[in-house]
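Working notes, structure below.
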Amino acid sequence: MTTRILTGITTTGTPHLGNYAGAIRPAIVASRDPQADSFYFLADYHALIKCDDPARIQRSRLEIAATWLACGLDADKATFYRQSDIPEIPELTWLLTCVSAKGLLNRAHAYKASVDKNVEAGEDPDAGVTMGLYSYPVLMAADILMFNAHKVPVGRDQIQHVEMARDIGQRFNHLFGNGKELFTLPEVVIEEDVATLPGLDGRKMSKSYDNTIPLFGSAKQLKDAVARIVTDSRAPGEPKDPDNSHLFTLYQAFSTREQEAAFRAELLGGLAWGEAKQRLFELLDNELGEARERYHALITRPADLEDILLAGAAKARRIATPFLGELREAVGLRSFREQVQVASEGKKKAAKAARFVSFREDDGFRFRLLDAAGEQLLLSIAFADGKAAGQVTKRLQSEELDLRAELNAFSVRVDGEAVAYSPEFSTDAERDAAMQRLREALAPQE
Ligand code: TRP
């Protein structure tokens, strides 16, 4: 049994070292497990909620896609795609919106935080709140439920959203499942032992604190960032305290045990901070150097990235398209054609009630074959006279039918000549189903 693991990355920024250690590296390691069926995607519809700068959205999507591939994600094994390449996602979002309680969404942290801020500032509670922000958890539920993910690894701030996806999925199952679990209910995964890196100033590394180390800048940019790590003022030769140094914590996140022990001993022995920074730079440069080259190669070939992501979307849609079809059925958005079929299957008599209707046109005599519901099954060619048309309709009811698929329609032949044609169908499957119905409608009476 494989486990389907799914997670999204909002495309508003440029990945930094903290994203790498905290999310990218562990996710890629997890995707290599033979039991894992990983779905990783760029949550670019989510990005639109927070950002109205098209250039930044576009740059971030490109950078994040290149980062994941450069870091070793195997796009053949995992399913790697952009949310916005899956039109089934917004469609499912609507189906879920219709069963999501407004009260549930009122309780979402992100929305509540905006309301609290507004109230504090004496503003209207909903000032600046878009429907995108308000419905954010429903879109996220669609991401997760669309692929029946078992596990969703996320940061702590997203736990509530995964719980809401469970709630919404459960409600949909209850309303439309007919006793069947349409949606798998996802479980949140919080990786306790994943590194939360400190930033340059010792607080959590985060874009909002402006204390990040770039992941794939040049070696020089990496060196400059490391040089800006804040340390205490102990002079060269004075012993340093590794356990109270975030420079050491950063080192630890990328070193082997032996490297870590050696670095600790050097710091205790009075290594100068400048030297210590050089050691950290070398370690990071060594860990990231090859990936950085792959990254820059990828980013200069955006058309190749486009192909990779479109192939990922095609793979994802092989699941999403038929599944959404099932869900549309479940809520009652069904083809009328099928409904007719169901009615006539239930009552053989009704199917038998197919009737020929002949009529005269400028170019001669034709007939139509209508099913019980009056839907046209066939339209004949023009015959010289009514008698010729009548003979053909008799033969169609008494002889074995000769039907041939013709692109998206089919013809009926008598003595090898096409004498009538079906309407056009949008898929081969619909056409084949109609051929079957015609056979039933014209089968000789027992
Ligand atoms: N909201 C998530 C974040 O900001 C990103 C995301 C979107 C996501 N859809 C998802 C995560 C589905 C997990 C599953 O981090």
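The values are calculated or read from the model by the stated rules, or taken from the named source; none is laboratory data. Just so you know, these numbers come straight off a predicted model, no measurement behind them. Glycine gets a Cβ as well: all are built from the backbone with ideal geometry, and neighbour counts include every protein chain shown. Areas reflect the complete protein model, heavy atoms only, side chains present, ligands, DNA and RNA absent. Shrake-Rupley method; radii C 1.70, N 1.55, O 1.52, S 1.80 Å.
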(request) May I ask you to list the residues in region 389-424 that are assigned to a loop (DSSP other than H, G, I, E, B) and open to solvent by 20 Å² or more (accessible area, probe 1.4 Å)? (result) Glu399, Glu400, Leu401, Leu407, Asn408, Asp415, Gly416, Pro423, Glu424
(request) Grab the helices (runs of 4 or more DSSP H) fully contained in region 30-126, keeping just those with 3 or more residues being within 19 Å of Thr10 (Cα to Cα). (result) 44-50, 54-70, 88-97, 109-120
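Residue by residue through region 50-87, note down the ones that are touching an Asp or Glu at 6+ places or on another chain (Cβ under 6 Å) and in contact (Cβ under 8 Å) with a residue 60 or more places away in the chain. Steps first, please.
Our first condition is that a residue be touching an Asp or Glu at 6+ places or on another chain (Cβ under 6 Å); within region 50-87, this holds for 61, 82-84.
Matches in region 50-87: Arg82, Gln83.
Does Gly269 count as surrounded by fewer than 16 Cβ atoms within 10 Å (Cβ to Cβ), outside the structural domain of Gly18 (by TED's automatic domain parsing) and among the small types (Gly, Ala, Ser)? If you could, list the steps in order and put the result at the bottom.
Working: surrounded by fewer than 16 Cβ atoms within 10 Å (Cβ to Cβ): yes; outside the structural domain of Gly18 (by TED's automatic domain parsing): yes; among the small types (Gly, Ala, Ser): yes.
Yes.
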(request) Could you please give the count of residues in region 113-126 that are closer than 24 Å to Gln158 by Cβ and either open to solvent by 90 Å² or more (accessible area, probe 1.4 Å) or acidic (Asp, Glu) (or both)? (result) 3
(request) Please find, among Glu181, Glu163, the residue that is charged (D, E, K, R) and either touching a His at 6+ places or on another chain (Cβ under 8 Å) or modelled with pLDDT of 95 or more (or both). (result) Glu163
(request) Determine, yes or no, whether Asp74 is out of contact with any Ser or Thr (no Cβ under 6 Å at 6 or more places or on another chain) and either open to solvent by 10 Å² or more (accessible area, probe 1.4 Å) or farther than 22 Å from Ile213 by Cβ (or both). (result) yes
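Quick check on region 25-65: of everything there that is among the hydroxyl-bearing types (Ser, Thr, Tyr) and within 13 Å of the ligand (Cβ to nearest atom), which residue is nearest to the chain's Cα centre (by Cα)? Talk me through it step by step, then tell me what you get.
To start, the set of residues in region 25-65 that are among the hydroxyl-bearing types (Ser, Thr, Tyr) comprises 31, 38, 40, 45, 60.
Next cut, within 13 Å of the ligand (Cβ to nearest atom) only: 38, 40, 45, 60.
On the way: Ser38: 11, Tyr40: 8, Tyr45: 10, Ser60: 17 Å.
It comes out as Tyr40.
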(request) Any residue in region 156-171 that's more than 12 Å from Leu145 (Cα to Cα): show its pairings with residues that are within 11 Å of the ligand (Cβ to nearest atom) at Cβ separation under 6 Å, as long as the two are six or more apart or on different chains. (result) Ile159/Val188; His161/Pro137; His161/Met140
(request) List the number of the failed condition for Trp68; all other conditions in (1) within 16 Å of the ligand (Cβ to nearest atom); (2) closer than 17 Å to Ile144 by Cα; (3) surrounded by 19 or more Cβ atoms within 10 Å (Cβ to Cβ) hold. (result) (2)
